[in-house]
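I have placed the structure first, in the form of structure tokens, so that the comments after it can refer back to it.
The values are calculated or read from the model by the stated rules, or taken from the named source; none is laboratory data. Remember, predicted model here, so these are calculated numbers, not experimental data. A quick note on method: Cβ atoms are made from the backbone with ideal geometry, for glycine too, and the neighbour counts reach across all protein chains shown. Just so you know, the surface numbers come from the protein's heavy atoms only, side chains and all, with ligands and any DNA or RNA stripped out. Shrake-Rupley method; radii C 1.70, N 1.55, O 1.52, S 1.80 Å.
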Amino acid sequence: MTSYFSSFISLLAFVSYALYSEKVTATETVTIGQEPRALYQRDEYLKELLQQALTAANYSAQLKTVIVHPHQQRALITLDGDGVDLYWSMTSPERETLAIAIKVPLFKGYIGKRALVTKQESLSRFSTVSTQEQLKGFTAIQGHDWPDTKILAHNGLSVRPFANYQAMFNIVLTGRADYFPRSFIEVSSELKEKSNEGLVIVPNLYISYPSAFYYFVSKRKPELAKSLAEGLAIMQQNGNFEQLFAQYFAEDLKALPFDTANTVEIKLENPYFAH
């Protein structure tokens with residue numbers, strides 16, 4: 001009887017340990033919504049930052065990417081369903097009602113600093129532009145559901161909304177728009193992909209407005225949101241956030257055609273961002 005009892009206790013201990021170990025080592029799958037477009041280094045950065053932040057918060061997760069609707073607003077709406085847990089996007093008041101916004105500026109404000117992409121033949125047209133009023137004589141192209149479109153329009157700039165992101169570059173090349181504002185952390189990798197198409201950055205001129213790019217987490221996943229916020233805070237404190245950002249973007253930022261002494265910054269208002 002004693003031997004049987006001892007064996008039974010041992011079995012219970014083994015089962016309890018196995019269950020505990022499974023609980024401790026269980027890895028959750030976090031599904032990330034990805035637009036159907038070419039991937040750039042900014043996407044790699046956001047994914048690596050996400051993984052490091054979750055690891056810092058001791059949140060064991062396996063990242064899985066699924067293709068979502070190319071329109072950002074509709075992609076955020078999918079976070080209400082069962083298929084997507086997380087999406088990254090520029091913020092707006094409306095977007096922050098659709099999901100849990102993790103209010104850490106992932107691109108450190110550079111998402112609101114916009115280089116003007118134009119075709120090589122049009123560069124001379126921008127050479128005398130130094131004011132917002134002068135820029136009103138040019139037409140920009142932007143995504144029809146992007147917060148940027150509303151920001152440009154609010155500031156009186158001419159902007160043409162369009163649905164197809166990839167086609168926007170071609171619209172500039174064909175002269176149906178004069179320029180395509182792209183953030184400092186996006187523009188270099190985008191133009192590398194289109195290196196033979198005659199697109200260039202207007203030197204010594206850019207527009208800027210307050211804005212931020214956030215992780216958005218499904219309201220179904222409050223624990224994921226909490227852990228992600230904690231992990232990002234840890235990375236900011238220990239310097240890993242800054243180090244990873246520099247690893248991905250320091251070289252490209254330094255290479256932008258902006259001479260500190262001669263560059264004109266046209267500052268715009270953004271009434272759609274609380275800061």
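I'd like to check something: does the stretch 205-212 contain any residue that is part of a helix (DSSP H, G or I) and either farther than 21 Å from Ala99 by Cβ or not aliphatic (A, V, I, L, M) (or both)?
No: zero hits.
Is at least one residue of the stretch 186-193 over 21 Å from the mean Cα position of the chain (by Cα) and open to solvent by 50 Å² or more (accessible area, probe 1.4 Å)?
Looking for residues that are over 21 Å from the mean Cα position of the chain (by Cα) and open to solvent by 50 Å² or more (accessible area, probe 1.4 Å), one finds none in the stretch 186-193, hence no.
Answer yes or no: is there a residue in the stretch 140-155 that is closer than 28 Å to Asp252 by Cα, of a type in the set (D, E, K, R) and in contact with a Gly (Cβ under 6 Å, 6 or more places away or on another chain).
No, the stretch 140-155 has no match at all.
Suppose the filter is surrounded by 14 or more Cβ atoms within 10 Å (Cβ to Cβ) and part of a strand (DSSP E or B); does Val104 pass it?
On the way: surrounded by 14 or more Cβ atoms within 10 Å (Cβ to Cβ): yes; part of a strand (DSSP E or B): no.
When the stated conditions are applied, Val104 does not pass them.
Which one is surrounded by the most Cβ atoms within 10 Å (Cβ to Cβ) among residues in the stretch 136-145 that are under 18 Å from the mean Cα position of the chain (by Cα) and in a loop (DSSP other than H, G, I, E, B)?
For the stretch 136-145, the residue satisfying everything is Asp145.
Hey, among the residues in the stretch 58-96 that are open to solvent by 70 Å² or more (accessible area, probe 1.4 Å) and in a loop (DSSP other than H, G, I, E, B), which one's modelled with the lowest pLDDT?
In this case the residue turns out to be Asp82.
What about Glu269, is it modelled with pLDDT under 95 and in a loop (DSSP other than H, G, I, E, B)? Spell out how you get there, then give the answer.
Numbers: modelled with pLDDT under 95: no; in a loop (DSSP other than H, G, I, E, B): yes.
Criteria not met by Glu269.
Residues of the stretch 39-57 being in contact with a helix residue (DSSP H, G or I) (Cβ under 6 Å, 6 or more places away or on another chain), modelled with pLDDT under 95 and open to solvent by 20 Å² or more (accessible area, probe 1.4 Å), which ones?
Result: Gln41, single match.
With respect to Gly156, determine if the residue is at positive phi and at pLDDT 95 or above.
Values: at positive phi: yes; at pLDDT 95 or above: yes.
For Gly156, the condition - at positive phi and at pLDDT 95 or above - is met.
Exactly one of (1) within 26 Å of Arg95 (Cα to Cα); (2) open to solvent by 50 Å² or more (accessible area, probe 1.4 Å); (3) not aromatic (Phe, Trp, Tyr) is unmet by Asp148. Its number?
Going through the list (1) within 26 Å of Arg95 (Cα to Cα); (2) open to solvent by 50 Å² or more (accessible area, probe 1.4 Å); (3) not aromatic (Phe, Trp, Tyr), Asp148 breaks only (2).
Within the stretch 216-269, track down each residue that is among the β-branched types (Val, Ile, Thr) and either surrounded by fewer than 19 Cβ atoms within 10 Å (Cβ to Cβ) or within 17 Å of the chain's Cα centre (by Cα) (or both). I'd like the intermediate steps shown before the answer.
Going residue by residue through the stretch 216-269, those that are among the β-branched types (Val, Ile, Thr) are 217, 234, 260, 263-264, 266.
Answer for the stretch 216-269, where residues must be among the β-branched types (Val, Ile, Thr) and either surrounded by fewer than 19 Cβ atoms within 10 Å (Cβ to Cβ) or within 17 Å of the chain's Cα centre (by Cα) (or both): Val217, Ile234, Thr260, Thr263, Val264.
Among the numbered criteria (1) in a helix (DSSP H, G or I); (2) at pLDDT 95 or above, which single criterion is violated by Gln166?
(2)
Pick out the one residue from Ala99, Ala53, Ala75, Ala57 that is out of contact with any Leu (no Cβ under 9 Å at 6 or more places or on another chain), of a type in the set (Gly, Ala, Ser) and closer than 23 Å to Ala229 by Cβ.
After applying the criteria, what remains is Ala75.
Restricting attention to the stretch 151-171, which residues are open to solvent by less than 40 Å² (accessible area, probe 1.4 Å) and touching a Ser or Thr at 6+ places or on another chain (Cβ under 6 Å)?
Val159 - this is the single residue of the stretch 151-171 that is open to solvent by less than 40 Å² (accessible area, probe 1.4 Å) and touching a Ser or Thr at 6+ places or on another chain (Cβ under 6 Å).
Sort through Pro203, Pro210 and tell me the only one that's at pLDDT 95 or above, surrounded by fewer than 20 Cβ atoms within 10 Å (Cβ to Cβ) and closer than 25 Å to Glu94 by Cβ.
Just one listed residue meets the conditions, Pro210.
Which one of the conditions (1) at pLDDT 95 or above; (2) more than 17 Å from Pro105 (Cα to Cα) does Thr260 fail to meet, given that it meets all the rest?
(1)
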